[in-house]
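To start, the structure itself, in structure tokens.
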Amino acid sequence: MTDLTTTYLGLELRSPIVASASPLNGEPETARQVEDAGAAALVLPSLFEEEILSEEMQVGGVLEAGSEHHAEARSYFPTLDSFAGIGDRYLTTLERIKARSAIPVIASLNATTATGSWVRYAELLQDAGADAVELNLYHLAVDPHRTATDMEAADLELVAAVRSRLDVPLAVKLSPYYSAMANFAGKIVDAGADGLVLFNRFYQPDLDLDTLDVVPRVELSQPVELRLPLRWIAILRPQLGPEVSLAASSGVHSGTDVVKALLVGADVAMTTSAVLRHGPARLEVIEAELRAWLVANDYESVRQLQGSANHATAGDPAAFERTNYLKTLHSWTGAQEGFESPG
Ligand SMILES: Cc1cc2nc3c(=O)[nH]c(=O)nc-3n(C[C@H](O)[C@H](O)[C@H](O)COP(=O)(O)O)c2cc1C
């Protein structure tokens, strides 16, 4: 029997296939289906800093609204305890999902500022049973007065602030748009991350030409998007060492995608779009494909496969990438488009 077990963030998992943050994982009923279909762990959708702060402002508003009324009238206003906002609902859902799950449940925070009362939620997630916390750093560098160094320093402060609240492991989900990824990834680990999730997908809003409104649009990913995490995990695995967990996220749709992620050194491969497109049962297919590939290629275990094709074998990763780039450009023949290139 092929051994699919792996370790991620110090958690022992039955396989390397993890259900990354998605709406399905945020409802006890559908989270159960995701687990039953074979997810080795699941990540809840994110609780956003903005949601926590706006909830606190509403609570403040409610209490203040009552303050000018006399005591009897004030009893008509909801008390702080009865105000179950987004944060409370998130914690309750986490508790319910955790109580019914046999697999690790990872809670997710999405934030941009290190100061602020929202940081206490890291601890609350842990108290509600989260086996680990994933911190999603999602922001755009739109301020022309802030340098890359300023932005990175703020992110590192944020990671350290969340780390200081936690005893459970912390993963940080990054975007691919940092200017010096290898350096920054190391600093995130130094700031207290036990693992990195590579990468966050950025959703580009569209324009509605009838209303001239900005329209939010979620496009599910395509398998080709896996190449970006593959490249960076291959580069980072030897640099960060085996003790730092790495998760591939973006474009994992099949068992062979999982194989590729493991080959370059990922501990787990995360998937959302494939599950949203085909339903939780897609996880069973992915696992069966992974198992079949391992058997066909004489691997006894996932651990045997992990990291056998990363940059540890290339003496100079930058030169390796340049050579690859050149080879890729020269590999174009036009045959795919139905005509031959000149010469
Ligand atoms: C509808 C939808 C909701 C998502 N919600 C979250 C979220 O709350 N937090 C988060 O970190 N990522 C979220 N993601 C991103 C996914 O977790 C994942 O990183 C991304 O979709 C890339 O993986 P995929 O190619 O397997 O879809 C969401 C993705 C989709 C499609």
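A few comments on the model shown:
- In this entry, residue 128 is excluded by the filter for residues that are more than 16 Å from the ligand (Cβ to nearest atom) and more than 24 Å from residue 159 (Cα to Cα).
- Residue satisfying condition, being among the charged types (D, E, K, R) and either under 19 Å from residue 187 (Cα atoms) or not in a helix (DSSP H, G or I) (or both), within set 123, 134: 134
- Residue selection: residue 172 satisfies the criterion of being touching a helix residue (DSSP H, G or I) at 6+ places or on another chain (Cβ under 7 Å) and either within 14 Å of the ligand (Cβ to nearest atom) or of a type in the set (Ser, Thr, Tyr) (or both).
- Subset of the range 183-222 (residues that are acidic (Asp, Glu), surrounded by 11 or more Cβ atoms within 10 Å (Cβ to Cβ) and within 16 Å of the ligand (Cβ to nearest atom)): 206
- Verdict on residue 198 being in contact with an Asp or Glu (Cβ under 9 Å, 6 or more places away or on another chain) and at pLDDT 95 or above: no
- Residue check, residue 109 assigned to a strand (DSSP E or B), free of Cβ contacts under 8 Å to residues at least 12 places away in the same chain and either out of contact with any Cys (no Cβ under 6 Å at 6 or more places or on another chain) or more than 15 Å from the ligand (Cβ to nearest atom) (or both): no
- Matching residues, the range 217-254, being part of a loop (DSSP other than H, G, I, E, B) and either of a type in the set (Gly, Ala, Ser) or under 18 Å from residue 272 (Cα atoms) (or both): 217, 218, 219, 220, 221, 222, 241, 250, 251, 252, 253, 254
- Any pair with Cβ under 8 angstrom, 6 or more apart, that starts in the range 25-46 at a residue that is on the phi > 0 side of the Ramachandran plot and more than 11 Å from the ligand (Cβ to nearest atom) and ends at one that is of a type in the set (Val, Ile, Thr) and assigned to a strand (DSSP E or B): 38/17
- Pick from the range 241-251, criterion closer than 22 Å to residue 42 by Cβ and without any contact (Cβ under 8 Å) to a residue 60 or more places away in the chain, ranking: farthest from the chain's Cα centre (by Cα): 244
The values are calculated or read from the model by the stated rules, or taken from the named source; none is laboratory data. Keep in mind that what you see is a predicted model, and the values were worked out from it rather than measured. Note: ideal-geometry Cβ built from the backbone for every residue, glycine included; neighbour counts use all protein chains shown.
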